[in-house]
Amino acid sequence: MYSSYTAAVYARLWELARRRKVSLDGALTWAFTFVEQPWFAGYRQLATNGVDLPVLNVFRLFARLGSEQVQATSSAEVPLTRIVSDGVRSAPDIGVLATRTLADGRLDILLWHYRDDDVPGPAADIQLLLRGVAPGLKFQARAWRIDRHDADSFTEWKALGTPAHPSAQQVTRLQQASRLVAHSIPLGSPRQDGSLELQTRLPLQGVELIEVRPIR
């Protein structure tokens, strides 16, 4: 949950800054090292006993975003005013933040599917519509995902039986489970009206970064 929460919160920082007319150059996370503590114990940490946590992978996705933010909206995003007053409880927040990099024409789209309560829920079928795409160009898309089955060492630790003292082999499995892995996304050609569609399915509490890059 901390990974999807972080994605949703950091995106709202920019919205709050615009509303308050604040110049926001960047954001800082507070992280601590807990010496000689049990595995996966405590909050405000990015790794546990040398194994990366899912929230650290969210910051890795942030680092892949471009320097120029572009307009992006979601029909399933919870309004900021409601989040401030009520949190994200009655319905999940399915949000989007997008950037572009003019040097190579790359578009990066960050998606999250967050809810305050850690309860089971259906995945979100997301259809993305990109506008302003030059007709005739060809594109390729790939994505990195963080959810209970991808880039999540905590789920793997539970699958191992929550060992208090993991063996060397188990630590290797935890390290492998924590890694972000890119996968390709099917992508058609732009329409004559300059739009491009792609689809993804994002589990509850999941975060995904989609990179769309022109083929030159």
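Numerical summary
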quantity: Hits in region 6-18 (condition: more than 30 Å from residue 153 (Cβ to Cβ) and touching a helix residue (DSSP H, G or I) at 6+ places or on another chain (Cβ under 8 Å)); calculated: 15, 16
quantity: Residue under evaluation residue 148, criteria (1) modelled with pLDDT of 95 or more; (2) under 30 Å from residue 38 (Cβ atoms), criterion not met; calculated: (1)
quantity: Options 3, 23; residue that is without any contact (Cβ under 8 Å) to a residue 60 or more places away in the chain and touching a helix residue (DSSP H, G or I) at 6+ places or on another chain (Cβ under 8 Å); calculated: 23
quantity: Residue tally, condition at pLDDT 85 or above and either touching a helix residue (DSSP H, G or I) at 6+ places or on another chain (Cβ under 8 Å) or not in a loop (DSSP other than H, G, I, E, B) (or both), over region 26-48; calculated: 5
quantity: Residues of region 69-88 satisfying the condition of being in contact (Cβ under 8 Å) with a residue 24 or more places away in the chain and more than 18 Å from the chain's Cα centre (by Cα); calculated: 80, 83, 87
quantity: Residue ranges of strands (runs of 3 or more DSSP E) in region 116-195 with at least 1 members among the aromatic types (Phe, Trp, Tyr) and touching a residue at least 40 places away in the same chain (Cβ under 8 Å); calculated: 139-146
quantity: Lone qualifier among 48, 73, 101 - being among the β-branched types (Val, Ile, Thr), surrounded by 15 or more Cβ atoms within 10 Å (Cβ to Cβ) and over 25 Å from residue 153 (Cβ atoms); calculated: 101
quantity: Selection count where residues are modelled with pLDDT of 95 or more, among the aliphatic types (A, V, I, L, M) and surrounded by 12 or more Cβ atoms within 10 Å (Cβ to Cβ), scope region 159-211; calculated: 10
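The values are calculated or read from the model by the stated rules, or taken from the named source; none is laboratory data. The shown structure was predicted, so the numbers you read here are calculated from the model rather than taken from an experiment. Cβ: placed from backbone, ideal geometry, glycine included. Neighbour counts: every protein chain shown.
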